Amino acid sequence: MLAAVGAIIFAIAYLINVTNTSTDAAFTPFSLMVAGLFFVALHMAGVGSGWSPSRPRRRRR
């Protein structure tokens, strides 16, 4: 899921760069690229993958 968020941010940064849109300093194509790389790195690290700690299992007799 985080990789999809990163891809959307990359697409927005690309559109801003291609159209030469004037934006606020916080939303430059470079800052959006860094944000996209951050989300892709989180995805590669396994964050948000739905992992949950294992529960103690009861032994059947």
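Values in this text are rule-based calculations from the coordinates and carry no lab data. None of the values given here were measured: they were computed from a predicted structure. Please note: Cβ atoms are built from the backbone with ideal geometry, for glycine as well, and neighbour counts cover all protein chains shown.
Exposure proxy ranking for T19, T28, based on other Cβ atoms within 10 angstrom of each Cβ and starting from the fewest, stands as T19, T28. With the Cα gyration tensor of the chain giving a ≥ b ≥ c as the square roots of its eigenvalues, does the rule (a/c under 1.5 for rounded; else a/b larger than b/c for prolate; else oblate) give rounded, prolate or oblate? Because a/c hits 1.5 or more and a/b exceeds b/c, the chain counts as prolate. Against the longest principal axis of the chain, how steep is helix 2-19, in degrees 0 to 90 to the nearest 10, with axes from Cα atoms? It is inclined by approximately 0 degrees. Measure nothing but the geometry: give the 0 to 90° angle between the long axis through the Cα atoms of 29-45 and the longest principal axis through the Cα atoms of the chain, rounded to 10°. Helix 29-45 and the main axis of the chain meet at about 10 degrees. Order by neighbour count: I9, I16, fewest other Cβ atoms within 10 Å first, most last. Fewest to most other Cβ atoms nearby, the residues stand as I16, I9. Its relative contact order, with pairs defined as Cα atoms under 8 Å and 6+ residues apart, puts the chain at 45 percent.
By counting other Cβ atoms within 10 Å of each Cβ, how are L42, L32 ranked from fewest to most?
On the way: L42 17, L32 21.
Fewest-to-most Cβ neighbours within 10 Å comes out as L42, L32.
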